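Asks: Attaching a single structure in structure tokens format; questions to follow.
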Amino acid sequence: MKKWISDYIRAQKAAHDSIPIEAVAGLIKQLQTVLRENRQVFVFGNGGSAALASHFACDLGKGTATGGNSEKRFRALSLTDNTALITAWANDTSYEHVFAEQLRNFIQCGDVAFAISGSGSSPNVLLALQAAPEAGSINIGLTGFKGGKMKELCDVCIVIPSDNMQVIEDVHLSTAHALFTVVRHRIMNATVDKDASSLQRTGLPVA
């Protein structure tokens, strides 16, 4: 049993070491642009990726609204959370359409469709990534293995090159937390800088 645990941890570490830092940095810049231009982020996935979609949307929507940041907030929504809408589309059309049809209701030019799929081949994720650009969206992907079909549908796609789904999901969470942590840090720093600038203009002391 100890060998299985150590083997898993080694595989996890190798996958973490493979995270493409430059691609993550590019996504951070994209998210900052979305925030600055008051665009929306729609996150979606299946299974563990559905849970991460909810988690990441929560981090962006609430986690960045701290430190006095009351002017600019992320408009982030997980498409995995409306059970009535998901089951209605699945029942009346097919499960493959549950994300694409939601996007057609809401997504606009400049918004982001943020797809999460360990395999990169989930039909409902792929259809959503095909539907989103109809409105002029930007497609972002977080996947594993070799990227699957999802990779070619994304403007930016982070691929975790592992063939272990659990390891891929572990690293997807770490990547999402890295994106959130850096964006939140930059928002808080910008808020502090703005407050300091305002104090300087009033002649009050800056701590």
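Taken together, the values in this text are just the output of simple stated rules run on the coordinates, not laboratory data. Model, not experiment: these values are computed from the prediction. Here the Cβ positions follow ideal geometry from the backbone for every residue, glycine too, while neighbour counts run over all protein chains shown.
Asks: Highest first, please rank the peptides 84-95, 34-45 by the mean number of other Cβ atoms sitting within 10 Å of their residues.
Replies: On the way: 84-95: 13.1, 34-45: 20.4.
Ranked from most to least packed, the peptides come out as 34-45, 84-95.
Asks: For the chain, state the semi-axes of the equivalent ellipsoid (square roots of 5 times the eigenvalues of the alpha-carbon gyration tensor), sorted largest first and rounded to whole angstrom.
Replies: With the √(5λ) rule applied to the chain, the semi-axes are 31, 24, 14 Å.
Asks: Just subtract the alpha-carbon distance of Glu134 and Met1 from 0.36 nm times their residue separation and send over the number in nm, one decimal.
Replies: Roughly 42.9 nm would be gained on extension.
Asks: Could you give the nm distance between label points at Val182 and Ala23, where each point is 7 Å from its Cα heading toward the beta carbon?
Replies: The two pseudo-label positions are separated by 1.4 nm.
Asks: May I pose another question? Going by a 4.7 Å Cβ-Cβ cut-off, which cysteines of the chain have no partner at all?
Replies: Here Cys58, Cys109 come out as lacking a disulfide-compatible partner, given the Cβ-Cβ threshold of under 4.7 Å.
Asks: Can you tell me the orientation of helix 2-17 relative to the chain, as the angle in degrees between its alpha-carbon axis and the longest Cα principal axis, to the nearest 10?
Replies: 60
Asks: With the chain treated as a Gaussian network of Cα nodes joined by springs under 10 Å, which of Asp111, Asp17, Asp59 yields the largest mean-square fluctuation?
Replies: Asp17
Asks: Could you give the angle, 0 to 90 degrees to the nearest 10, between helix 165-202's Cα long axis and the longest principal axis of the Cα atoms of the chain?
Replies: Helix 165-202 and the main axis of the chain meet at about 10 degrees.
Asks: Shifting gears a bit: How high is the relative contact order of the stretch 39-194? Use alpha-carbon pairs under 8 Å, at least six apart in sequence, and give a whole percent. Write down the numbers at each step before the final one.
Replies: Details: 290 pairs, mean separation 35.8, N = 156.
RCO, the stretch 39-194: 23 percent.
Asks: What fraction of the DSSP beta bridges in the stretch 39-194 is antiparallel, stated in percent and rounded to the nearest 5? Show your work: numbers first, answer last.
Replies: Values: 0 of 19 bridges.
Looking only at bridges with both residues in the stretch 39-194, the antiparallel portion is about 0 percent.
Asks: Something else about it: About its Cα centre, what dipole magnitude does the chain give when the only charges are +1 on Lys and Arg Cβ and -1 on Asp and Glu Cβ, stated in debye to the nearest 20?
Replies: Numbers: 19 positive and 19 negative charges, 121 e Å.
Taking the Cα centre of the chain as origin, the dipole is about 580 debye.
Asks: On to the next question. Cross-chain or 8 or more residues apart, Cα under 23 Å: how many lysine pairs in the chain fit that? Count them up, please.
Replies: Lysine pairs satisfying the spacing and distance rule in the chain number 10.
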